[in-house]
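Structure, as structure tokens:
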Amino acid sequence: MEFKNRHLLSLKDFTKEEILKIIETSIKEKYKIEDILKGKTIGLLFQKPSTRTRISFEVAVNQLGGRSVYMNWSELQLSRKESLKDTAKVLSRYLNALVARLFKHSELLEIAEYSTIPVINGLTDLYHPCQILGDLQTIIEKKGDLKKQKIVFIGDGNNVSNSLLIASSILGLNTKLICPKGYEPPESVLNIIKNNERISNAKITITNNLSEVEDATVIYTDVWVSMGQEEETTKRIRDFAEYKVTEKLVKKAAPDYIFMHCLPRTAYEVDDEVFYGQHSVVWDQAENRLHVQKAILRLLV
Ligand code: CP
Ligand code: NVA
């Protein structure tokens, strides 16, 4: 298992053993503060807003003895059409790793192609791998064996659910996406899942049927309108109206189910009673972003 100098762009590029190693490292080294990044600088290039990803990466770098440099896309020459290729080549001469949050996953791939340092996906339109690594840690800590869980994601086939489904298909988990018709994951993601399923014996279901929430041990949701989809707001709120996580809906889940949300949350997708209720683990989930990203930096940089 070799992690050093690898990119983390999608979980599809990692084996079951590698995914579990990142999570195990995160759990084991949770509160360890040390100087392994001393003298190293990690860049954070953001094209979209962020609270958790940005701050937890900055704190993670700090706790490992390194420095971080935050770069807002609009303040770099990228905003005046300097190419991704040239930017990647220059940043590779200054930095020891780059965390990037971009609109287009294809642009992240281009940056990674020309970078000689590890590039870590801090969310694109297609994937959010760091989120799901932290979430899997949360499920293990709260519920134990991942294989014994019935994980249900209610929402669209978006960056968060794509990464959850891909991780589940690699790890051999029982995971469902319940979404309105027309909001399924893209064909490229479905193909990856199908191929992995054959090897891992995972049970991945994509359905429009809300009654599939029955006996879920994990219920996960995300906003109905992701960053960059703002002009679809009216249509999405109409199309998702039935798919809100309500008190009534969660009654169908297992009695000791946990409720998860990657945050930030809006009032549309989940009732206050569920979001702030006793089954909710959303704050631990947010905290685990810090721990798992420390593990990622330890292993990759
Ligand atoms: N969950 C998550 O990535 O949150 P931020 O957008 O605040 O980084
Ligand atoms: N799907 C959401 C996740 C935010 C962390 C978005 O892309 O806006």
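The values are calculated or read from the model by the stated rules, or taken from the named source; none is laboratory data. A quick note: this is a predicted structure, and the numbers were derived from the prediction, not measured. Here the Cβ is made from the backbone with ideal geometry for all residues, glycine too, and neighbour counts use every protein chain on show. Please note that ligands, DNA and RNA were not included when accessible areas were found on the heavy atoms of the full protein model with its side chains. Shrake-Rupley method; radii C 1.70, N 1.55, O 1.52, S 1.80 Å.
Can you pull the Kirkwood radius for region 70-178, inverse mean 1/r over Cα pairs, to one decimal in Å? Write out the running numbers ahead of the final one.
Values: mean 1/r = 0.0641 Å⁻¹.
With all distinct Cα pairs of region 70-178 included, I get 15.6 Å.
What's the ranking of 277-289, 210-222, 159-171 by average number of surrounding C-beta atoms within 10 Å, highest first?
Numbers: 277-289: 17.8, 210-222: 20.0, 159-171: 26.2.
Top to bottom by mean Cβ count within 10 Å: 159-171, 210-222, 277-289.
If I stretch the segment between Arg238 and Asp215 completely, what's the gain in nm (0.36 nm per residue apart, minus their alpha carbon distance), one decimal? List each step's numbers first, then the result.
Numbers: separation 23, 0.36 × 23 = 8.28 nm, distance 2.71 nm.
Separation in residues times 0.36 nm, less the Cα-Cα distance, equals 5.6 nm.
Counting only heavy atoms of protein chains, what accessible area per residue, in Å², does region 10-155 have with a probe of 1.4 Å? Before the final figure, lay out each step's value.
On the way: 6730 Å² over 146 residues.
Per residue, region 10-155 has 46 Å² of solvent-accessible surface.
For Ser280, list long-range residues whose amide hydrogen, built 1.01 Å from N in the peptide plane, is under 5 Å from its own amide hydrogen.
Phe259
Taking the Cβ of Asp215 as the centre, find all other residues whose Cβ is under 14 Å away and add up their charges (Lys, Arg: +1; Asp, Glu: -1). Mind dumping the intermediate values first?
Values: positive: Lys143, Lys148, Lys150, Lys176, Lys203, Lys251, Lys252; negative: Glu212, Glu214, Asp256.
Taking every other residue near Asp215 into account, the sum is +4.
For the chain, just say rounded, prolate or oblate: build the C-alpha gyration tensor, square-root its eigenvalues into a ≥ b ≥ c, call rounded for a/c under 1.5, and beyond that prolate if a/b exceeds b/c, oblate if not. Write out the running numbers ahead of the final one.
Values: a/c = 1.71, a/b = 1.44, b/c = 1.19.
It is prolate, given that a/c is not under 1.5 and a/b is the larger ratio.
Counting only protein heavy atoms, what percent of the accessible surface of the chain is carbon or sulfur at a 1.4 Å probe?
Values: 6620 of 13450 Å².
That share works out to 49 percent.
Could you tell me the calculated FRET efficiency between Thr207 and Lys48, based on Cβ-Cβ distance and R0 = 25 angstrom, to the nearest 0.05?
Working: r = 30 Å, r/R0 = 1.18.
E between Thr207 and Lys48, to the nearest 0.05, is 0.25.
Taking +1 at the Cβ of each Lys and Arg and -1 at the Cβ of each Asp and Glu, which of Met227, Ala100, Leu299 sits farthest along the dipole of the chain towards its positive end, judged by Cα position relative to the Cα centre?
Leu299
Using a basic spin-label model with each label point 7 Å from the Cα along Cα→Cβ, how many nm lie between Ser200 and Asp145?
With each label point 7 Å from Cα toward Cβ, the separation is 1.7 nm.
For Glu24 and Glu2, calculate 0.36 nm times their separation in residues minus their Cα-Cα distance, and state this gained length in nm to one decimal.
Details: separation 22, 0.36 × 22 = 7.92 nm, distance 1.53 nm.
So the extension gain works out to 6.4 nm.
Calculate the FRET efficiency for Lys89 and Arg67 from the Cβ-Cβ distance with a Förster distance of 30 Å, rounded to the nearest 0.05. Intermediate values should be presented prior to the final figure.
Values: r = 21 Å, r/R0 = 0.71.
That gives a FRET efficiency of 0.90.
For every other residue with a beta carbon closer than 9 angstrom to the beta carbon of Phe3, add +1 if it is Lys or Arg and -1 if Asp or Glu, then tell me the sum. Walk me through the intermediate numbers first.
Details: positive: Lys4, Arg6, Lys21, Arg298; negative: Glu2, Glu18.
Counting the neighbours of Phe3, the net charge comes to +2.
Among residues other than Thr233 whose Cβ falls under 14 Å from its Cβ, what is the net charge (Lys/Arg +1, Asp/Glu -1)? Walk me through the numbers on the way to the answer.
Working: positive: Lys235, Arg236, Arg238; negative: Asp156, Glu230, Glu231, Glu232, Asp239, Glu269.
Around Thr233, the surrounding residues sum to -3.
Assigning unit charges at the beta carbon (Lys, Arg +1; Asp, Glu -1) and nothing else, what dipole magnitude in debye, to the nearest 20, does the chain show about its Cα centre? Display every interim value, and only then the final one.
Details: 42 positive and 40 negative charges, 148 e Å.
Using only the charged Cβ atoms, the result is roughly 720 debye.
At 7 Å along the Cα-to-beta-carbon direction for both Gln278 and Lys104, put a label point, then send me their distance in nm to one decimal.
Going from the Gln278 label point to the Lys104 one covers 5.0 nm.
Per DSSP H run of n ≥ 4, the term is -39500 (n - 2.57); total these for the chain, divide by its residue number, and report the mean residue ellipticity at 222 nm rounded to 500 deg cm²/dmol. Each step should come with its number before you reach the end.
Numbers: 11 runs with 123 residues, N = 301.
Helix contribution divided over all residues of the chain: -12500 deg cm²/dmol.
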